[in-house]
Amino acid sequence: MFYYFIRALFYLPIKIFYPTKIVGRQNLINGKSILICNHTSNLDGIIIGVSLKQQISFLGKAELFRTKISHWFFTHMKIIKINRGEADITAVKQVLKLLKSGGILGVFPGGTRNSEEADEQFKNGVAMFSLKTNAPIIPMKLIKTPKIFRRNTLIIGEPFCLEQVEGEAFKETLEKATQIIKEKQQQLNIALEKGEK
């Protein structure tokens, strides 16, 4: 209830100050899935959460949970705390539990904010989560860095799975799967460029 209350509270301000058109909404899945998106602003997660009807549990850096109030708030907003730069077993278990129970995970696979033109270096986390739970991955892209009163567009691509990806060792499988994820994300850029010509 708290999640939907806060989303309703933010809905009108976000729509007015950060108007975002959604393209490809039909590609979303009502159930287990991983949404991946480029990351250019601290507002990205808020805009996506407000714009999409589904309840999304985003991965959030541990720094967001520093105070008691922020810890309480982000926990109730279903944000999964993750310690970057280390193997956070607790976060991994939470993610796997979420996906296996049919939840939706939101991830910025580059792991940090980048400019609109930056070539994000994808981490292996999304590939591992998908391979462990058979969760479909849905690539998304915010066309512009959110700025007040500037119209933006969120492109949602078609879902895909990693079931057929294999390697001699799990590490190799992860690397192959991560490359596929990156290529799928880049296809949104190619489609966008063709559409602008």
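Karplus-derived 3J(HN,Hα) values for the stretch 68-84, using 6.51 cos²θ - 1.76 cosθ + 1.60 with θ = phi - 60°, are 5, 5, 5, 4, 5, 5, 5, 5, 6, 8, 6, 6, 9, 6, 9, 8, 6 Hz; glycine and proline are entered as x.
Farthest toward the positive end of the dipole of the chain, out of 148, 94, 135, is the Cα of 148, where the dipole comes from beta carbon charges about the Cα centre. Averaging 1/r over every pair of different alpha carbons in the chain and inverting the result gives a Kirkwood radius of 17.3 Å.
Within the listed set 55, 187, 164, the residue fluctuating most in the Gaussian network model of the chain (springs between alpha-carbon atoms under 10 angstrom) is 164. Computed on the stretch 17-196, with alpha-carbon pairs under 8 angstrom and 6+ residues apart, the relative contact order is 32 percent. Distance between the pseudo-spin-label points of residue 27 and residue 73 (7 Å out from Cα toward the beta carbon): 3.2 nm. Take the Cα of residue 144, step 7 Å toward its Cβ, do the same at residue 42, and the gap between the two points is 2.2 nm. GNM remark for the chain: springs join alpha carbons under 10 Å apart, and the peak mean-square fluctuation among 47, 156, 22 falls on 22. Note on the stretch 24-102: with charges restricted to the Cβ of Lys and Arg (+1) and Asp and Glu (-1), its dipole about the Cα centre is near 260 debye.
Note on the chain: with charges restricted to the Cβ of Lys and Arg (+1) and Asp and Glu (-1), its dipole about the Cα centre is near 920 debye.
Centroid-to-centroid, using Cα positions, the stretch 9-55 and the stretch 149-166 are 12 Å apart.
Computed from the coordinates by the stated procedures, all read-outs in this text should not be read as laboratory data. Values in this document were obtained by computation on a predicted structure and should not be read as measured data. Here the Cβ is made from the backbone with ideal geometry for all residues, glycine too, and neighbour counts use every protein chain on show.
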